[in-house]
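Quick notes on the structure that follows.
The values are calculated or read from the model by the stated rules, or taken from the named source; none is laboratory data. Keep in mind it's a predicted model, so treat the numbers as computed, not measured. When the accessible area is computed, the model is the full protein with side chains, heavy atoms only, and any ligands, DNA or RNA have been set aside. Shrake-Rupley method; radii C 1.70, N 1.55, O 1.52, S 1.80 Å.
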Amino acid sequence: MPTVCCVMSCVSSPSGRLACPRCRRPVSHCLCAHVRILSNRTRVIVLQHPDEARHPLNTARLAVLGLADAELHVGLSFPSSLWEDEESWLLFPPEAGHAGTAAPGARPRRLIVPDGTWRQARRLVRTHPGLAALPRLPLPPGRGSRYTVRRACFESALATIEAIAAALDTLDAPARHDALLAPFTALVEGQLAAARGAAG
């Protein structure tokens with residue numbers, strides 16, 4: 001159901017403009033009307049670096065808004081209960097010295113998603129040994145990102161919301177999560193339109 005922002009309860013966006021308290025976008029560019037809440041069997045928990053929370057183009061909040069069972073936690077240190085109480089997998093590429101990826105055909109009850117730049121996300125994982133030791137979910141190869149308005153550190157990088165949608169397509173199959181990307185598509189198109197207008 002589309003959500004109408006109330007200007008009286010607005011917060012300040014990173015740019016200092018009045019922002020929607022739900023999606024945190026400037027009121028004039030609120031994305032709530034594009035958010036459709038989807039059911040998800042695998043619970044999603046996003047651990048977001050504080051710097052990413054302040055970034056005007058972060059997509060993790062949009063992902064959490066669009067899922068019936070999802071949480072967003074912002075910080076540098078997180079309690080291990082977020083991933084220890086249930087069978088959890090980590091949405092993060094395997095690294096040297098890591099035990100390996102999740103077993104094919106298995107299904108977690110919870111997906112933990114570190115969110116930030118590559119350096120920030122890797123630091124969040126490495127500073128939590130229990131988190132770093134979780135089985136890791138590899139995403140299907142060949143997915144290109146539509147996040148053309150933000151620079152990525154490597155070619156195959158996806159926006160957080162794209163990675164979550166791809167992961168849930170795998171874990172919660174045959175359910176599809178394309179609709180989760182609707183506010184992300186609107187965000188990218190709005191940024192590109194603004195860039196064209198500034199260039200013209």
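A 1.4 Å probe over all protein chains sorts Ile37, Ile45 by accessible area into Ile37, Ile45, starting with the largest. Compute, for His29, the solvent-accessible surface of its heavy atoms (probe 1.4 Å) with the complete set of protein chains present, and express it in square angstrom to the nearest 10. Result for His29: roughly 90 Å² accessible. Per-residue surface analysis assigns Asp85 an accessible area of about 120 Å², computed on protein heavy atoms at 1.4 Å probe radius.
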